[in-house]
1. Quick one: if the Förster radius is 25 Å, what FRET efficiency do ARG55 and VAL25 give, using the C-beta to C-beta distance and rounding to 0.05?
2. Within region 8-67, report the trypsin sites (Lys or Arg not before Pro) that DSSP leaves as loop and that have at most 11 other Cβ atoms within 10 Å.
3. Which whole-angstrom value gives the distance between the alpha carbon centres of region 1-78 and region 158-172?
4. Heavy-atom accessible area per residue, the chain, 1.4 Å probe: how many Å²?
5. Hey, could you get me the Stokes-Einstein D for region 110-247, Kirkwood radius over alpha-carbon pairs, 25 °C and 0.890 mPa s, rounded to whole µm² s⁻¹?
6. In Å and on Cα atoms, what radius of gyration and Dmax does region 42-113 show?
7. Return the calculated 222 nm mean residue ellipticity for the chain, to the nearest 500 deg cm²/dmol, obtained by summing -39500 (n - 2.57) across DSSP H runs with n ≥ 4 and dividing by the residue count.
8. With a ≥ b ≥ c the root eigenvalues of the C-alpha gyration tensor of region 167-247, is it rounded (a/c under 1.5), prolate (a/b larger than b/c) or oblate?
Amino acid sequence: MAKTPIWIRNVRIDPPIVLAPMEGVTDLTFRRLVRSIGGTGLTCTEFIPSSGLKRGSGKAWEMARFDPDEFPVSIQIYGRDPEQMAEGARIVQDMGATICDINMGCPSKKVCAHSGGSSLMKDLKLATEIIRSARGALTIPLTVKMRSGFDASQRNAPELARICESEGVDGLAIHWRTREDGYAGERCVDKIAEAVDAVSIPVFGNGDIIDLESARAMLEDTGCAGVMVGRGAMRDPWLPLQISRWL
């Protein structure tokens, strides 16, 4: 049971509850709301294309904006080009982010069509190249968010978790769904538990954490270091605070 602070390398996550990156949701205004209520140890931006950061897109830079007192904060980037991802990571670091996160979990057809997000779980060679390039560009911690796999036949999160650790990634978040599941599927957290056993870096469990009972179940069923709350916080922004008080 996670009752103590978690460290992502030198960054203290206390309480061990993370506000998940959500497209069109975790903008600066929503993160301010959740932070004002309390209960999160780390907030994350919605995912940002590394290509947009590299070419100086105003929209991409606006999505990456955070408050001076928003600490710790993770900026999540996505893309399929290792060099471009490295440049995006450098920009994120220069902006003052506490952590850079790589999106390998987004199920969006648009993102996956361009070999980003969860489609990288089908191409571990490319995923490794991206992680290695981003790690080489950074001095701040690097994390990766993934799903349990791309589909039912490729539930390879533990394998990707081991790759991440070997390439210097400092922490992971794993959603129990596959990309094929979308936002449906039957709860199955075995691959999160396997990844927890496979690596020594912190693993945060994600997926359908909508109340205290589901948070408790995720921690007990997987042994994960903490939980990442997504749509549950949209429905109830007080949920992270409730979980933190319970912990």
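The values are calculated or read from the model by the stated rules, or taken from the named source; none is laboratory data. Being a predicted model, the structure only gives us computed values, none of them experimental. So basically every Cβ, Gly included, is an ideal-geometry build from the backbone, and we count neighbours across all protein chains shown. With ligands, DNA and RNA removed, areas are computed over all heavy atoms of the protein, side chains included. Shrake-Rupley method; radii C 1.70, N 1.55, O 1.52, S 1.80 Å.
1. Numbers: r = 25 Å, r/R0 = 0.99.
Plugging the Cβ-Cβ distance into 1/(1 + (r/R0)^6) gives 0.50.
2. In loop regions of region 8-67 (DSSP not H, G, I, E or B), the sparsely surrounded trypsin sites (Lys or Arg not before Pro) are ARG55.
3. Taking the Cα centre of each part, region 1-78 and region 158-172 sit 20 Å apart.
4. Working: 10310 Å² over 247 residues.
Here the residues of the chain average 42 Å² of exposed surface.
5. 160
6. 11.5, 36
7. My calculation for the chain gives -11000 deg cm²/dmol from helical runs alone.
8. Working: a/c = 1.75, a/b = 1.26, b/c = 1.39.
Oblate shape, in that a/c is at least 1.5 and b/c is the bigger or equal ratio.
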